[in-house]
Amino acid sequence: MKMNLRTIVEDSNLIYRQLSDNIKYLYHELQELTRMSDTRLCLAICQLLRDGRICQQQEENLVYYLKRI
């Protein structure tokens, strides 16, 4: 699939809709939830972080993603 900004935004919107409020997700959990390739998932996460729609939290050696409320 050709990656462009439109595709990245669509993927980020898909991820955001599937995230539940107040639940933290690991990268591999997001990948299982969305069935996206590494490249698509990374770009969509970056878009969501850039837009301020999600945030990252690190606990011990794990990085979690969650919706900003």
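The values are calculated or read from the model by the stated rules, or taken from the named source; none is laboratory data. Remember, predicted model here, so these are calculated numbers, not experimental data. Glycine also receives a Cβ, built like all others from the backbone with ideal geometry; neighbour counts cover every protein chain displayed.
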Tally time: how many residues in segment 15-32 are modelled with pLDDT under 95, part of a helix (DSSP H, G or I) and surrounded by 15 or more Cβ atoms within 10 Å (Cβ to Cβ)? 0
Which residues, counting only those in segment 1-13, are within 22 Å of residue 68 (Cβ to Cβ) and either at pLDDT below 95 or in contact with a strand residue (DSSP E or B) (Cβ under 7 Å, 6 or more places away or on another chain) (or both)? 5
The correct count of residues that are hydroxyl-bearing (Ser, Thr, Tyr) and either at pLDDT below 95 or crowded, with 16+ Cβ neighbours inside 10 Å (or both) in segment 33-53 is 1
